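The block underneath contains the structure these notes are about, expressed in structure tokens.
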Amino acid sequence: MGFAICALFFLRFWRTTRDHLFLGFALAFFLLGVGQALLGLSIVPEEERSFLYLFRLVAFVIIIVSIWRKNGETGRG
């Protein structure tokens, strides 16, 4: 639930600023929330849950790419 609140928080900032950094963070927190919800609600044995951690991997890649793009924009301007 906390990840969903963070996603909505960053989505609100994206709507006012149209800064892609906030959109990336909102998407990443949404994916983290989905991953945690699936992890908590799944009845899959622990040995077979490793595919659920791909949500975390994708979320962290989105955060890294968003920060990288934002730093590239400020360097050019």
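The values are calculated or read from the model by the stated rules, or taken from the named source; none is laboratory data. Keep in mind that what you see is a predicted model, and the values were worked out from it rather than measured. Virtual Cβ from ideal backbone geometry, glycine too; neighbours counted across all protein chains shown.
What's the number of the only condition in (1) touching a Gly at 6+ places or on another chain (Cβ under 7 Å); (2) of a type in the set (S, T, N, Q); (3) modelled with pLDDT under 90 that Ser50 fails to meet?
(1)
Regarding Arg76, is this residue among the charged types (D, E, K, R) and at pLDDT 90 or above?
no
Can you pull out every residue in segment 29-57 that is of a type in the set (Val, Ile, Thr) and under 20 Å from Phe9 (Cβ atoms)?
Val34
Based on this model, can you work out whether Phe3 counts as part of a helix (DSSP H, G or I), touching a Leu at 6+ places or on another chain (Cβ under 7 Å), modelled with pLDDT under 95 and among the aromatic types (Phe, Trp, Tyr)?
For Phe3, the condition - part of a helix (DSSP H, G or I), touching a Leu at 6+ places or on another chain (Cβ under 7 Å), modelled with pLDDT under 95 and among the aromatic types (Phe, Trp, Tyr) - is not met.
I'd like the full set of residues that are in contact with a helix residue (DSSP H, G or I) (Cβ under 8 Å, 6 or more places away or on another chain) and of a type in the set (S, T, N, Q), limited to segment 38-56.
Ser42
For segment 2-51, how many residues meet the condition of being under 30 Å from Asn71 (Cα atoms) and out of contact with any Lys or Arg (no Cβ under 7 Å at 6 or more places or on another chain)?
Number of matching residues: 31.
All but one of (1) under 21 Å from Leu8 (Cα atoms); (2) modelled with pLDDT under 95 hold for Ala26; state the number of the condition that does not hold.
Result: Ala26 fails condition (2) only.
Could you check segment 34-51 and list, in sequence order, the residues that are over 18 Å from Ala7 (Cβ atoms) and either among the hydroxyl-bearing types (Ser, Thr, Tyr) or surrounded by 10 or more Cβ atoms within 10 Å (Cβ to Cβ) (or both)?
Those that are over 18 Å from Ala7 (Cβ atoms) and either among the hydroxyl-bearing types (Ser, Thr, Tyr) or surrounded by 10 or more Cβ atoms within 10 Å (Cβ to Cβ) (or both): Ser42, Val44, Arg49, Ser50.
Filter segment 6-47 for residues that are in a loop (DSSP other than H, G, I, E, B) and free of Cβ contacts under 8 Å to residues at least 40 places away in the same chain and give the result.
Arg18, Ser42, Ile43, Val44, Pro45
Looking only at segment 54-77, count how many residues are without any contact (Cβ under 8 Å) to a residue 24 or more places away in the chain and within 13 Å of the chain's Cα centre (by Cα).
Adding up the residues that qualify gives 4.
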